[in-house]
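Before any comments, here is the structure.
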Amino acid sequence: MSDQASPREDYLARLEDLLPAHEIARVRADVEDLILERASGEGERDPSLSPLEAERNAIAALGPAERLAEELASAPLTIPLATRRTFVRLLAAVFACHLLLSIAMAVAGSTSAAIPGVLGPLPQGSFGAILLSVITIFLIDTGALLVVFVAMGKARPEQAPRILFRSSPWTRRGAIEGLVLLALLAVLFNGYLEQIFAIQHGDSWSSFLAQDFLSLVPYINVVFALFALRHILTLLGKGDSTWSLGADAAGSLAGSAFMIMGATRRELVQMPSGHKLGQEAAEVLDNLIESVFLIVFVVGALLLIMRFVRQGIAMARRIRS
Amino acid sequence: MASRVDPKFEAELRRGVVQLVALHFLETPRYGYDLVRLLGAAGFAIEEGTLYPILRRFEKQGVLTSRWDTEGTRPRKYYELSEEGRLRKNDMLKAWGEARDATDEALRQAKDAARSASTRETPEERQP
């Protein structure tokens, strides 16, 4: 057997791979010395041992190269199991949400990206194009999550992910308040939306919301209904249950879909003809209101997606337990 | 009879003490395997994989000095306590003494407390 193929060389090569560059030469020499000394000692103690066996025993006394390298670096060189699990779970959740958003955008008929290079509708052409798009989404999410993990790993790795996974205990009072708020919002959206978002037009006031935008109102009612169902189930069950969490998750998903539909409308604002503003002022106001709506829709979609993931995980935990 | 001591407890207990003992053995220059054998004979069986990171850390901290002896058939690395190491060894010895005394005292207090609690029991309470 050649010297290159010896277990000692294999072990030292593995160790070299794991060590910081400035430590390699010194540690290699030290560890090789330890192996040779131990192998020699083993051979003297038990002459029946072959040199190869003695060397293997010496390597066993050093333990796995990974563990020795970790001890020498005084820091974990391998990714702990808890981190790996957290990464995989987060990746699954982020990827699923990203994909759902892209599907929702495609279904809603959006043709442009909501966030260029990151979030856009899935192509509706060939199977190959869809597959490529899904792979791209996966790679984007993996890369983004890696960046987040590296950044959080340098700060407080055990704290940051809790933002996403923190529990939201619900009380009877909270459920009643939630129902009242939802009722108010429903009345507002169904009865007074055009009156609130209005501009003076001659002697009267007219809504500046585009018809494209107003056509979404029935969809928001579905969202309200799901969240109301959540509160009612919480009240009936005197606390959270699998069903109430499911309703919340469904409401969050429907809400995020609504927000995406809002963000991808062709027209959100349309100034009524005959308004008293000048042409230029009307354009500025139009753009300003459109921008505000867009920000509200994008931020709302993100928050609701986070809520969907959180409630989905809480529901899965409940089912498992 | 097999020992009931949890191997992890034993390993953690020895991990700190073995450093102190190793520093005492390194008053005179010794190479790694020599130190492993000496520690083993003294009741502190330790593998190279555990000892070497300790030696390396001490070397980085200036507690140990090292030199390669190239006179023999094979180069051999010798470790020895530095001046800084001697001071460190004395401090560690002091800390070990304090920890040992504190442990003895805590165990004595626990034993006294158990004894006084058992003498407070009424004869009826002691009935099975």
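The values are calculated or read from the model by the stated rules, or taken from the named source; none is laboratory data. Note that the structure is a prediction, hence the values are computed from the model and not measured. Here the Cβ is made from the backbone with ideal geometry for all residues, glycine too, and neighbour counts use every protein chain on show.
Looking at region A:52-65, which of its residues are touching a residue at least 12 places away in the same chain (Cβ under 8 Å) and surrounded by 15 or more Cβ atoms within 10 Å (Cβ to Cβ)? Please lay out each step first, then the result.
Pass one, region A:52-65, residues touching a residue at least 12 places away in the same chain (Cβ under 8 Å): A:52, A:54-59, A:61-62, A:65.
If the condition is that a residue be touching a residue at least 12 places away in the same chain (Cβ under 8 Å) and surrounded by 15 or more Cβ atoms within 10 Å (Cβ to Cβ), then A:Ala54, A:Glu55, A:Arg56, A:Asn57, A:Ala58, A:Ile59, A:Ala61, A:Leu62, A:Ala65 are the ones that fit.
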Can you work out which of the residues in region B:19-38 that are in a helix (DSSP H, G or I) and more than 14 Å from chain A (Cβ to nearest Cβ) is farthest from A:Leu15 (Cα to Cα)?
-> B:His24
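Restricting to helices (runs of 4 or more DSSP H) lying wholly in region A:8-126: which have 3 or more residues that are over 27 Å from B:Phe58 (Cα atoms)?
On the way: elements: A:21-45, A:51-62, A:65-73, A:81-107.
Passing ranges, in order: A:21-45, A:51-62, A:81-107.
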Scanning region B:62-75 residue by residue, those modelled with pLDDT of 90 or more, at the interface with chain A (Cβ under 9 Å from one of its Cβ atoms) and farther than 23 Å from A:Gly63 by Cβ turn out to be B:Trp68
Can you tell me which residue among A:Ile176, A:Ile220 is at pLDDT 85 or above, surrounded by 13 or more Cβ atoms within 10 Å (Cβ to Cβ) and within 27 Å of A:Leu285 (Cα to Cα)?
-> A:Ile220
All but one of (1) farther than 23 Å from A:Val107 by Cβ; (2) out of contact with any strand residue (DSSP E or B) (no Cβ under 7 Å at 6 or more places or on another chain) hold for A:Ile289, so report the exception by its number.
-> (2)
For region B:39-61, how many residues are in a helix (DSSP H, G or I), more than 9 Å from chain A (Cβ to nearest Cβ) and of a type in the set (Phe, Trp, Tyr)?
-> 1
Exactly one of B:Ala114, B:Ala42 is touching a helix residue (DSSP H, G or I) at 6+ places or on another chain (Cβ under 7 Å), at pLDDT below 95 and over 27 Å from A:Ala65 (Cβ atoms), and that residue is B:Ala42
